[in-house]
Amino acid sequence: MTMPAAARIAAFLFLLLLFSAVENPVSAQSRLIVSAFHHPSSPPERSGERGPRGPGAVPGALVPASRRASAGAAGRGDDKEGDKAARILHVAAKLPFTLTPVLTDLDDPVFAIPLPEGGFLISTHDLPLARVSADGHSRIPISGMPVNLLRQARHDGMLDLVLDPDYLSNRFVYFSYLAGTLLENSVHIVRARLEGNALIDPVLLLAAGPRRKNLQALGGRLAFAADGTLFASIGDRVSFRDAQNVEFYLGKIVRLGRNGAVLTDNPFAQGRYVTPSEKNALPEIYAYGLRAPRGLAQQPGSGRIWTAGAEPDARDEINILKPGGNYGWPITVYMPHGQPGGARSPQDAKSAADRTLPSAALWAPSIEPTAMVFYEGPLSALKGKLLIAGGRRPVLRMASVVGLTVTRYTDFMLPLQNGIGDMRSGSDGALYILAAGRDGQLLRVDP
């Protein structure tokens with residue numbers, strides 16, 4: 001029986017593709033990932049892109065940004081360059097510091113904020129907010145918490161808390177929490193004054209709607225910039241397409257005045273916009289197209305806001321925000337199962353990537369970043385580094401940064417049973433790591 005010409009051509013192409021994949025499996029896999037999952041181009045200031053995944057892949061490998069354009073646009077990449085990039089990641093054989101327990105027996109802790117007057121403000125499942133003495137012996141619940149704080153099952157509602165830059169004089173604290181019920185809720189951001197063991201004069205700064213039922217990808221991380229403005233991450237709540245809708249807060253970074261006022265120099269304030277889709281943008285939005293960053297910090301020197309977060313394809317990303325920037329989630333991600341909002345094909349993903357901003361760096365496998373700190377404390381091994389806490393496993397990832405470029409990673413595997421829930425620098429420069437879980441603890445990083 002004679003095989004039709006079309007069938008012979010298809011068979012030939014299949015064998016050619018199979019031979020190519022067998023000859024170099026890492027190359028074949030990485031070409032698919034780079035072209036299908038993220039941005040194929042990068043400005044000079046950006047550092048890296050995803051590494052290969054699959055047989056022979058090196059966990060945590062980076063593909064330099066210079067490779068991204070050729071691999072994404074033309075479907076070709078230099079594997080020698082990828083192998084060289086893989087050596088950027090280093091797993092430390094021993095810790096250059098010690099971990100000293102400060103607080104123990106914490107039930108699913110959310111955060112632990114060191115106070116300049118001594119002690120901590122902590123949030124756990126059994127205590128939404130409490131003042132804890134430095135020795136841990138005294139734990140006093142804070143009164144005046146919002147009545148609409150979601151506290152059902154193990155969803156305790158509190159997301160983050162930061163102190164006002166002038167806390168010692170005004171006693172203001174800012175916190176984010178999940179407001180509503182299990183069926184309908186949203187992230188709220190509130191300012192209140194901490195007097196003794198009570199919150200007084202609360203002010204709702206932002207109700208980040210629309211309300212959703214899903215309790216994943218919440219965001220809620222807060223950070224102050226050097227100019228005294230407040231940044232907050234609002235997750236997409238697994239409503240993927242909302243991250244591109246600038247009439248919603250989901251999937252965004254917002255920037256607020258300390259009293260919640262809309263800042264006139266925000267990129268979309270006073271009716272400003274660049275593309276037609278941004279015409280009715282909410283004025284609090286600073287950047288969009290982000291899934292749910294839990295790392296949020298300002299880089300000393302540059303003043304740029306950096307974010308770190310997990311993506312659903314088992315990879316993490318770092319973004320360096322530009323005012324009004326669109327970082328592409330989810331339209332730059334090809335979703336084969338047709339999830340709403342994602343690209344319908346690798347070609348659509350590439351086309352969207354051409355219109356959006358690239359990530360500064362990505363890596364695999366995911367550590368699920370939960371916090372990020374530019375460390376300026378006294379420990380020489382960490383000083384001047386970008387530290388990223390892993391929630392999936394107890395990894396402290398140390399990144400060397402030159403300007404706006406991430407040049408090298410070192411992973412420290414911490415001797416903990418669970419991942420890291422939070423990480424903070426105290427006013428004295430001390431670094432604190434919060435071990436997650438029902439038997440959580442707060443650890444201080446010492447020489």
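Quick notes on this structure:
- Projected label distance in nm at residue 379 and residue 184, using a 7 Å step from Cα toward the beta-carbon: 4.6 nm
- Here the simple spin-label model places points 7 Å from the Cα toward Cβ, and for residue 126 and residue 169 these points are separated by 4.0 nm.
- Within segment 258-345, the proportion of Cα pairs with more than 20 Å between them is 47 percent.
- Considering only alpha-carbon pairs that sit under 8 angstrom and 6 or more positions apart, the relative contact order computed for segment 304-354 is 25 percent.
- Label-to-label distance, nm, for residues given as residue 344 and residue 213 (7 Å Cα→Cβ offset): 2.7 nm
- Count Lys and Arg as plus one, Asp and Glu as minus one, and take only other residues whose Cβ is under 11 Å from that of residue 398; the net charge is then +3.
- Net charge of Cβ neighbours under 10 Å - reference residue 211; Lys, Arg +1; Asp, Glu -1: +2
Quick note: the coordinates plus some simple rules give every number you see, no bench work behind them. If you're wondering where the values come from, they're calculated on a predicted model, not measured in any experiment. Note that we place each Cβ from the backbone using ideal geometry, even for glycine, and neighbour counts take in every protein chain shown.
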